[in-house]
Amino acid sequence: MTQEYVSVLKQLLSTSKLLLNLTKTLNSFEEFENNNYIFDNILSNVAVIYELSQKLPEDVKNNELNSIEWSKIDYYEKIIRNDSHQLDTKAIWNAIKEDLPYFTQKLEKILAKFE
């Protein structure tokens, strides 16, 4: 894997940790939905994760990084860019609380091989 791709993975890890930190004080979906500052930051950073993931070629994702479910990142990006302007906030909340910790762990494990 090239140094450029490792750099992208480090940026993905940094952004995912930021998202986890933003939400660690939230105790409920309602708190998430009603806190505009955190809500807006989360949406922006989900978009950043998507954009960063697009810098990795499909063959690298499918081979060296196949432990990560890249299709979920694509799915969450589609949710926040929904043309109907009806954002599925529950899906975003679930992604952050359920999927993001695993994504972060997998990135840490992959990056440990390059340190």
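Near ILE68, no amide H atom lies under 5 Å from its own; only residues 5 or more places off or on other chains count, and H is placed 1.01 Å from N. For the stretch 67-77, 3J(HN,Hα) computed residue by residue from phi via the Karplus equation (6.51, -1.76, 1.60; θ = phi - 60°) reads 6, 9, 7, 5, 5, 5, 5, 4, 4, 5, 5 Hz, glycine and proline entered as x. Rounded to two decimals, the Cα radius of gyration of the stretch 3-112 over 2.2 N^0.38 Å is 1.06. Pairs with C-alpha atoms separated by more than 20 Å, drawn from the list LYS24/LYS113; LYS10/LYS78; LYS78/LYS109; LYS24/LYS78; LYS72/LYS97, are LYS24/LYS113; LYS10/LYS78; LYS78/LYS109; LYS24/LYS78. Relative contact order for the chain: what is it in percent, counting Cα pairs under 8 Å that are at least 6 residues apart? Worked out over the chain, it gives 38 percent.
Along the stretch 51-56 the Karplus relation, 6.51 cos²θ - 1.76 cosθ + 1.60 evaluated at θ = phi - 60°, assigns HN-Hα couplings of 4, 5, 4, 6, 7, 9 Hz to successive residues, with x for each Gly and Pro.
Quick note: the coordinates plus some simple rules give every number you see, no bench work behind them. Everything numeric in this text was worked out from a predicted model, so none of it was measured.
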